[in-house]
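Right, one structure below, let's go through it.
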Amino acid sequence: MSTETADSPMIARLPAERAVIHPRWVRITHWINAVAMVVMIASGWRIYNASPLFPFVFPDSITIGGWLAGALDWHFAAMWLLVVNGLVYIGLGIAGGRFRRKLLPLRPGEVIADARAALTGRLSHVDLSVYNAVQKLLYLGVILAGVVIVLSGLAIWKPIQLQELTALFGGYEAARYVHFFAMVTIVGFLVLHVVMALLVPRSLRAMITGR
Amino acid sequence: MPRLRKAVPGVDAKLLIKDAARLMPDPARRAFLRGAASLGALAFLTGCDIVDSLSAENALRKISHFNDGVQALLFNPNKLAPTYPESAVTKPFPFNGYYPEDEAPEVDGETYRFEVGGLVENKKSWTLDELRALPQERQITRLICVEGWSAIGDWTGVRLSEFLKRVGADTRAKYVWFQCAEGYSNTIDMPTALHPQTQMTLKFANEVLPRKYGFPMKIRMPTKLGFKNPKYVIAMQVTNKDLGGYWEDRGYNWFSGL
């Protein structure tokens, strides 16, 4: 068992039957992010359909917005929710030390060992307050993908006012591909994340009630 | 002004209805959208009267309008769009419009008169030859469509800010409105009108602007999405009233800056 049971002294003092796994700010930002991300992805698919990068489009029925202008409106509305909420999450995660405690250190050897254990069904989820190395990699990875998708999005949205940023991604057209593949990465994470939450329902409860 | 505001021939009624219909998502999606909107919008429009009456569409309109303001703040009047060498020009440069290419307006260059109105000292109309006699500038810049695709074009014409100066325009006015031969129109903000790369384009690839790219005149502004760059421009007004535009009135973001 780990000694990592609480995130702040205040919570540690609570007469808890079970220790708090996810403090309130994590749960709130998590669910706001879930809503913002689903809106961003589903409206983004509709925008993609207007000028596909690859020889396929997303079925209209799983997109948001009804048509291109509607999808753009949704995308550029949810972007505020995503960015403001994301800044709060990352800010508190760094300032409060949660990222350091929960997600670091990340050692390649442990990732390989834990990945092997997970694939053979021998990875324990007994203590939800401690992340295994595969979780650490996935959570750090998706935070990074989140940063990339916001930056590449800004590069596409403002390729003249923020042209230095756009150039960093290799220009406007390249930034579209970066934005797309960051979406693919996040959707891949999302699928795995939801499957795992359903396989270990206690983890879903912890993200709602905190325990 | 009334002359310019009347219904314009050449607009396909069927296309108009199709456009209007596309504004309306199907009832099921509509209900879902409304639910999701209150969830999303509530989180960051606290204090707003959204709970009482605003539908999802209205909330989105408001945010889109808010985004116009943000974009105007982000707009740096001195920041130039990157330019490219002639070899980078997209060939063939795509035709784009809400009608097929063979239905693009055919404007007679001989009888063409560019009408200038609103808050300007000199309201004389201009012939094509008079416009060609003004100082010409060339730019090779990227046009970015609201759909996402982009293409590099080679445009030559008169700097709009230079033209505004010559006609004695009140550049403290908020907007410049453009009217096109087929009924298309656009309103842009004055800072964009005065941007050094905003151009009254008369040539493409050093040849007289072909019909498919907007003969006799296009307004090229690399700092805005393609649909804000009107073609077949027949009239202009300097105004303090937002006179809207074809796509803007149908739900596309007004500022649409890049």
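Laid out as a table, the results:
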{"read-out": "Residue pairs meeting the criteria (Cβ under 9 Å; at least 6 apart or on separate chains; first touching a residue at least 12 places away in the same chain (Cβ under 8 Å), in the range A:188-211; second charged (D, E, K, R) and in a helix (DSSP H, G or I))", "value": "A:Ala206/A:Arg27; A:Met207/A:Arg27; A:Ile208/A:Arg27; A:Gly210/A:Arg24; A:Gly210/A:Arg27; A:Arg211/A:Arg205"}
{"read-out": "Residue check for B:Lys241: in contact (Cβ under 8 Å) with a residue 12 or more places away in the chain, surrounded by fewer than 22 Cβ atoms within 10 Å (Cβ to Cβ) and not in a strand (DSSP E or B)", "value": "yes"}
{"read-out": "Helices (runs of 4 or more DSSP H) fully within the range A:98-180 counting 2 or more residues that are under 30 Å from A:Arg205 (Cα atoms)", "value": "A:98-103, A:108-119, A:133-157"}
{"read-out": "Selection status of B:Thr171, part of a strand (DSSP E or B) and out of contact with any strand residue (DSSP E or B) (no Cβ under 6 Å at 6 or more places or on another chain)", "value": "no"}
{"read-out": "The one condition in (1) closer than 23 Å to B:Ser256 by Cα; (2) at pLDDT 95 or above that B:Gln136 fails to fulfil", "value": "(1)"}
{"read-out": "Residue match in the range B:147-159 (condition: touching a Lys or Arg at 6+ places or on another chain (Cβ under 6 Å), of a type outside the set (S, T, N, Q), crowded, with 20+ Cβ neighbours inside 10 Å and closer than 27 Å to B:Glu103 by Cβ)", "value": "yes"}
{"read-out": "Restricting the range A:125-157 to residues that are in contact with a helix residue (DSSP H, G or I) (Cβ under 7 Å, 6 or more places away or on another chain) and within 14 Å of chain B (Cβ to nearest Cβ), the residue that is surrounded by the fewest Cβ atoms within 10 Å (Cβ to Cβ)", "value": "A:Leu154"}
{"read-out": "Failed item in (1) within 10 Å of chain B (Cβ to nearest Cβ); (2) within 30 Å of A:Thr209 (Cα to Cα); (3) at pLDDT below 95, with A:Arg101 passing the rest", "value": "(1)"}
{"read-out": "Hits in the range B:68-89 (condition: more than 18 Å from the chain's Cα centre (by Cα) and part of a loop (DSSP other than H, G, I, E, B))", "value": "B:Asn76, B:Asn78, B:Lys79, B:Leu80, B:Pro82, B:Thr83, B:Tyr84, B:Pro85, B:Val89"}
{"read-out": "Residue list for the range A:24-64, restricted to those being assigned to a loop (DSSP other than H, G, I, E, B) and either hydrophobic (A, V, I, L, M, F, W, C) or modelled with pLDDT under 95 (or both)", "value": "A:Leu53, A:Phe54, A:Phe56, A:Val57, A:Phe58, A:Ile64"}
{"read-out": "Answer from B:Thr223, B:Thr201 - the residue that is more than 22 Å from A:Leu68 (Cβ to Cβ), in the same structural domain as B:Val146 (by TED's automatic domain parsing) and among the hydroxyl-bearing types (Ser, Thr, Tyr)", "value": "B:Thr201"}
{"read-out": "Hey, B:Gly97 away from every other protein chain (no Cβ under 14 Å), crowded, with 16+ Cβ neighbours inside 10 Å and modelled with pLDDT under 95 or not", "value": "yes"}
{"read-out": "Filter result (within 13 Å of B:Arg159 (Cα to Cα) and among the β-branched types (Val, Ile, Thr)) within the range B:178-217", "value": "B:Thr192, B:Thr198, B:Thr201"}
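Yes/no matrix, rows are residues, columns are (1) crowded, with 19+ Cβ neighbours inside 10 Å; (2) touching a Pro at 6+ places or on another chain (Cβ under 8 Å); (3) over 26 Å from B:Pro82 (Cα atoms):
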{"site": "A:Pro159", "(1), (2), (3)": "yes, no, no"}
{"site": "A:Ala175", "(1), (2), (3)": "yes, yes, no"}
{"site": "A:Gly188", "(1), (2), (3)": "no, no, yes"}
{"site": "A:Leu192", "(1), (2), (3)": "no, no, yes"}
{"site": "A:Leu198", "(1), (2), (3)": "no, no, yes"}
{"site": "A:Leu204", "(1), (2), (3)": "no, no, yes"}
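The values are calculated or read from the model by the stated rules, or taken from the named source; none is laboratory data. Here the structure is a predicted model, which is why all the values come from computation and not from measurement. Cβ: placed from backbone, ideal geometry, glycine included. Neighbour counts: every protein chain shown.
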